[in-house]
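Undergrad: I'd like to ask you about the structure that follows.
Here, each number is a calculation from the coordinates, and none is a lab measurement. Being a predicted model, the structure only gives us computed values, none of them experimental. Here the Cβ is made from the backbone with ideal geometry for all residues, glycine too, and neighbour counts use every protein chain on show.
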Amino acid sequence: MRSGFDAQGPLARLSREFDVFGPLGGGAEPWLTAELDQHAAAVRDSIVGGGARLTRRSLTGYLRGFVDGCRERGWHSTSSEYDWETLRLLAICRLAKECGFVR
């Protein structure tokens with residue numbers, strides 16, 4: 001395990017939780033894969049567009065800010081459908097896995 005890796009960090013915890021019910025691996029419906037690709041690209045653009053590099057730390061910062069914004073709006077997902085916020089969270093998890101920030 002590389003130095004500085006926090007197995008209990010927010011990206012790792014969220015990825016484990018979403019991996020239970022989310023389409024983070026292969027075999028997702030094509031429409032869902034396209035949605036996650038678009039969300040992941042938007043997250044990446046938001047981070048690097050601000051002059052930062054896409055790192056575990058910058059992605060974790062984005063995640064924290066996003067979750068804080070969701071909480072401020074009173075969001076909680078009780079639907080069996082994928083709402084916008086859930087898709088964004090899944091995309092963050094998938095991006096973290098693709099970049100090697102979590103396993």
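Undergrad: For residue 28 and residue 71, compute 0.36 nm times the residue count separating them, minus their Cα-Cα distance, and round to one decimal in nm.
TA: Between residue 28 and residue 71, full extension yields an extra 12.7 nm.
Undergrad: Please identify every one of the trypsin sites (Lys or Arg not before Pro) in the range 26-77 that sits in a loop by DSSP and has no more than 10 other beta carbons within 10 Å of its own beta carbon.
TA: 53, 73
Undergrad: A further question follows. Label-point separation (nm) for residue 46 and residue 103, each offset 7 Å from Cα along Cα-to-Cβ?
TA: Taking the two extended label points, one gets 2.9 nm.
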